[in-house]
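Worksheet for the structure shown next.
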Amino acid sequence: MSKYDKVIKGGTIIDGTRTREKFVGDVAIKDGLIAKITEGDGIPASEGKEVIDATGLNVVPGFIDLHTHYDGQLLWDPYLSCSSWHGVTSVAIGNCGFGFAPAHPEQQERLMLSMERVEAIPLATMKAGMDWDWESFPEWLDSLDRRPKGINVMSFVPLNPLMVYVMGIDAAKTRDPSEEELATMLSMLKESLDAGGVGFSMQRLGDGYTSVQRDYDGTPMPTDTMSDELCMAFADVLKDRGQGFIQLTQAKNDVVADLDFGANLAEASDAVVLWNAVQVNERHPHQHRRMLRWVDEQREKGHKIWMQAITTPNDMRFMLDDFNLFDGNGAWRDVTIGDIETRIEKMKDPELRAAVREDYDGGSAPFVSGPIADIVIESVVNKHNEVYVGMTIAELGASTGKHPSDAMLDLAIDEGLKTVFYVTPFNYDEGLMKEVLDNEWTVPGVSDGGAHTKFLNFGRYPTNLLVDSVRERGSYTLEEAHYRLAAMPAIAAGFDDRGTLEVGRAADIVIYDLENLKTTQVEIVYDLPGDEWRYVEGAEGYRYTIVNGETIRVDNEVTGAYPGKLLRHGNAEGVSRAA
């Protein structure tokens, strides 16, 4: 009888602690946990029921992604692609205050409509893929617990559905709760945390250029309009418990006021605050520098704030048939709400066109795409438009003799809004990115996995980090990269049973070939319920992905094992621990 379930032999071990340099050695796994780690040839192959030869490969802790929107996808895709394709073994859902619990039965479709717009998850997919066998948040966790999971999942308590459940959608957006409503919400939050929620999440975006995530009708979401006082009432719950953390997407007022609110929230809750997000903007480098200075200042004051960092090139492909990420610009939002017919009619409207032209001429740059003038025409439907492929919108206008915004809309209308536009990345300058990555409090990620699937795929961020920042640029050591990809998010989120390769910890392990690691080409796949499609980007070079001691992927093929666990309170045992 074998002593261990698995023995990994001869790999280069980077344990994620950042305190120990990489070394060649062996790892033994027993009952889902790391049982032994040795330098050199220290564990005989004969002691393993299964032996993995990791010679020439890196053996590292599985990556942890704290910002995803896989709430729906988990119900039809236990492996949570594309994240697990890139070595992610644990994710957090319920981010930005969005989710599907609690929900009265009559509110189910309304919540799906919101998610269709705010996170661009196809409505047909949600209707076909969600069985709604829950109403309360504790019932939601129980539902997740009994479903097969390829990787581990933990969940925030999202405040939008909580507010809508108690107050109704219109009231939640337009007023503060009554004393009775507030008492009910706080009681429900406590019950949800007792059941295993890891904290709460909210998006607070104002009417400015950053408000790109709106409801299906273009109005703000409930947490966008909630008062500071209501936020602090929820924060008091965490302070009283001494447990849980907050995920905050904040861009509501001006920058100073937003940062002040984040600091006040951290102080009031005495909890970890995961701030979303810091990223490079090559045109405005002062933005990320200001935020990095701020988090350093807050840490010196004792506030437990972590900056979640977008470390993936913000390239994006989109068509105007269902695109929502221009929502921060009123003129563009007006012409991109509704079904295809409605959008086309709006795009033809002279007054709405004039507003779009004025927006363009004023130099307004959508938060996610940069200037409209720089957007590139990647592909067209009609042969007579092929001459425009590769042009920017500014060049399209010059070529057609039209105002550039008119030229863009005319081209899209001519093709039934199926023209594919491409945003060239403007957040990946090597020196500027290094400034973000070098800060002690920045957590790489913000994959938005499960959301915006027809526009982008940031689930590849671990591969980008390892290939670009470590192998190609030399900006990061392997030891630092794997601390950031696993141990740091585990520390920030209060995990204490995974995130590093240490004896007694969960055996979430990735084995990969750094020399041959790469992302694969973007492709369209029709693999969503409701016969819907998405963009995906896979990876090559990940040889084995192991979750709780069981292998879920070998050379990009799934094994059919479902060892993933619901991490109530952030750990597999479901035991509440103080943050």
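What follows draws every value from the coordinates through simple rules; no lab data is involved. Computed from a predicted structure; not experimentally measured. Cβ: placed from backbone, ideal geometry, glycine included. Neighbour counts: every protein chain shown.
Share of pairwise Cα-Cα distances greater than 35 Å in the chain is 37 percent (whole percent).
Per the Kirkwood definition applied to all pairs of different Cα atoms, how many angstroms is the hydrodynamic radius of region 316-423? Every distinct Cα pair counted, the radius reaches 13.5 Å.
Simple rule: put +1 on each Lys or Arg Cβ and -1 on each Asp or Glu Cβ in region 316-423, find the dipole, and look at Tyr422, Val387, Gly370; the Cα lying farthest toward the positive end is Val387. Among 129-137, 63-71, sorting by the average number of other beta carbon atoms lying within 10 angstrom of each residue, highest first, gives 63-71, 129-137.
Seen from Ser447, the other residues with C-beta closer than 11 Å to its C-beta sum to a net charge of -1, counting Lys and Arg as +1 and Asp and Glu as -1.
Going by average Cβ density within 10 Å per residue, which order do the peptides 565-571, 21-27, 103-109, 182-188 take, highest to lowest? Don't skip to the answer; put the middle values down first.
Details: 565-571: 23.3, 21-27: 19.0, 103-109: 14.1, 182-188: 16.4.
Answer by packing, highest mean first, reads 565-571, 21-27, 182-188, 103-109.
How big is the charge dipole of region 316-423 about its Cα centre, in debye rounded to the nearest 20, if each Lys and Arg gets +1 on its Cβ and each Asp and Glu gets -1 on its Cβ?
Magnitude of the dipole: close to 160 debye.
Taking all Cα pairs closer than 8 Å and separated by 6 or more residues, the relative contact order of the chain comes to 21 percent.
Could you tell me which of the pairs Lys3/Lys36; Lys190/Lys252; Lys9/Lys36 are separated by over 22 angstrom between their Cα atoms in the structure shown? Provide the component values of the computation, followed by the final result.
Values: Lys3/Lys36 11 Å; Lys190/Lys252 27 Å; Lys9/Lys36 12 Å.
Over 22 Å apart, Cα to Cα: Lys190/Lys252.
Ignoring lysines fewer than eight residues from Lys348 along the same chain, the ones with Cα atoms less than 23 angstrom from its Cα are Lys383, Lys402, Lys418.
Expressed as a whole number of Å, what is the distance separating the alpha-carbon centroids of region 45-82 and region 270-287? One Cα centre to the other: 28 Å.
What net charge is computed for the residues neighbouring Glu351, neighbours being all others with C-beta under 14 Å from the C-beta of Glu351, Lys and Arg scored +1, Asp and Glu -1? Charge balance near Glu351 sits at -2.
When the helices in the chain are scored as -39500 (n - 2.57) per DSSP H run of 4 or longer and the sum is shared across all residues, what 222 nm value do you end up with, to the nearest 500 deg cm²/dmol?
Numbers: 19 runs with 177 residues, N = 579.
Result for the chain: -8500 deg cm²/dmol, rounded to the nearest 500.
Once fully extended, how much extra length lies between Asp260 and Arg357, figured as 0.36 nm per residue of separation less the alpha-carbon to alpha-carbon distance?
Details: separation 97, 0.36 × 97 = 34.92 nm, distance 3.56 nm.
That works out to 31.4 nm of additional length.
Other residues within the sphere of radius under 13 Å centred on the Cβ of Gly168, judged by their own Cβ, net out at 0 (K and R +1, D and E -1).
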